[in-house]
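The values are calculated or read from the model by the stated rules, or taken from the named source; none is laboratory data. Here the structure is a predicted model, which is why all the values come from computation and not from measurement. Glycine also receives a Cβ, built like all others from the backbone with ideal geometry; neighbour counts cover every protein chain displayed. What goes into the accessible areas is simple: the full protein's heavy atoms, side chains included, and nothing from ligands, DNA or RNA. Shrake-Rupley method; radii C 1.70, N 1.55, O 1.52, S 1.80 Å.
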Amino acid sequence: MCLAIPARITHINDQMGTIDMEGVQREVSLLLLEDARVGDYVIVHAGFAIHRIDEAEAKASLKLLREMASSLDAASA
């Protein structure tokens with residue numbers, strides 16, 4: 001099973017991009033995306049940005065993931 005977390009592209013250098021995933025920065029390949037731009041939200045798998053998503057969808061997904069993590073923390077306390 002794969003958990004896809006949206007990340008925002010903050011920098012592009014050739015076919016590599018720096019993404020920000022809730023404050024964590026990583027380098028990913030942009031080879032699988034056409035016309036990736038700084039500010040785009042993407043889904044990343046195995047070091048590759050594989051799909052571009054719109055900002056509203058990304059923010060809704062991140063909100064849901066935060067709520068799920070909070071529920072798990074409360075349940076384990």
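See the values below:
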{"read-out": "Å² per residue, accessible surface of the chain at 1.4 Å", "value": "70 Å²"}
{"read-out": "Cleavage-rule hits (GluC sites (Glu not before Pro)) in the stretch 1-74: DSSP loop, at most 14 neighbouring Cβ within 10 angstrom", "value": "22, 34"}
{"read-out": "Per DSSP, loop trypsin sites (Lys or Arg not before Pro) in the chain with at most 12 further Cβ within 10 Å", "value": "37"}
{"read-out": "Viscosity 0.692 mPa s, temperature 37 °C, Stokes-Einstein D of the chain from Kirkwood C-alpha radius, µm²/s", "value": "252 µm²/s"}
{"read-out": "Computed FRET value (nearest 0.05) for residue 56 with residue 27, which takes r as the C-beta separation and R₀ as 30 Å", "value": "0.70"}
{"read-out": "Fraction of accessible area attributable to carbon and sulfur, the chain (%, probe 1.4 Å)", "value": "55 percent"}
